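> Quick one: the structure is below, and I'll ask about it shortly.
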Amino acid sequence: MTRAEWMGLLARSAPDTLTACLAGLGEMPKHSWLRAPEAGSVMVQGRTGGVGAPFNLGEVTATRCALRLEDGREGHAFVQGRSRDHATRAALVDALMQGTDADVVRQSVLEPLATEEAAHRDIIARKAEATRVNFETLVRGEDA
């Protein structure tokens with residue numbers, strides 16, 4: 001898993017689930033702020049049909065932060081919403097993933113989050129599939 005992938009996973013994770021996963025690691029390391037958590041707005045772009053020209057869809061609230069662990073590793077996070085705790089925990093995981101304990105963090109935090117996200121996407125896909133309508137034309141006007 002690349003850094004971009006785990007940062008995206010942390011940003012999309014439910015704050016309560018991230019907290020529960022981090023509890024399994026024990027006490028969190030001490031850190032200092034490079035940028036304390038702050039909330040703001042971000043412009044979201046959309047594309048017609050997913051492939052058209054981009055257009056400004058609207059603004060969403062986001063929280064960002066950056067921190068440094070005592071050993072010098074830095075962690076950054078950018079999450080949707082106003083949860084300072086969620087941003088802080090995501091930045092902590094980002095910093096922890098850059099050290100020798102990355103395998104433990106991956107197994108304890110990232111893999112459970114990825115499993116939950118996959119299950120959530122599966123539920124959404126099943127709901128969408130249940131509403132699919134297949135249109136079939138038996139006789140077209142020019143064939144008659």
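> Give me the number: length gained by fully extending residue 122 to residue 48, i.e. 0.36 nm times residue separation minus the C-alpha to C-alpha distance, one decimal in nm.
Full-extension gain reported as 24.2 nm.
> Something else now. Where the centroid of each part is defined by its Cα atoms, how far is the stretch 62-99 from the stretch 116-137 in Å?
First find each Cα centre; the distance between them is then 34 Å.
> Let me ask something else. Which peptide among 35-45, 1-11 comes first, and what is the full order, when sorted by highest mean count of other Cβ atoms within 10 Å?
The packing order, highest mean first, is 1-11, 35-45.
> Against the longest principal axis of the chain, how steep is helix 3-12, in degrees 0 to 90 to the nearest 10, with axes from Cα atoms?
That works out to roughly 80 degrees.
> While we're here: What nm distance separates the two modelled labels at residue 74 and residue 131, each placed 7 Å from Cα along Cα→Cβ?
Spacing of the two 7 Å Cα→Cβ label points: 4.3 nm.
> Take every Cα-Cα pair in the stretch 47-87 and report what % of them are more than 17 Å apart.
55
> In nanometres, what is the gap between the two model label sites at residue 32 and residue 111, each 7 Å from Cα along Cα-to-Cβ?
My value for the distance between the label points is 3.5 nm.
> From the phi of every residue in the stretch 37-52, what ³J(HN,Hα) in whole Hz does the Karplus formula 6.51 cos²θ - 1.76 cosθ + 1.60 yield, where θ is phi - 60° and glycine or proline is x?
After applying 6.51 cos²θ - 1.76 cosθ + 1.60, I find x, 9, 9, x, 10, 10, 7, 9, 9, x, 9, 5, x, x, 10, x Hz.
> Could I ask something else about it? How large is ³J(HN,Hα) for each residue in the stretch 93-98, as worked out from phi by the Karplus curve 6.51 cos²θ - 1.76 cosθ + 1.60 (θ = phi - 60°), to whole Hz, x for Gly and Pro?
Whole-Hz 3J(HN,Hα) from phi for the stretch 93-98: 5, 4, 5, 5, 5, 9.
Every read-out reported here was derived from the displayed coordinates using simple, explicitly stated rules and does not represent laboratory data. Just so it is clear, the model here is predicted, and its values are computed rather than measured. All Cβ positions, glycine included, derive from the backbone under ideal geometry; neighbour counts span all protein chains shown.
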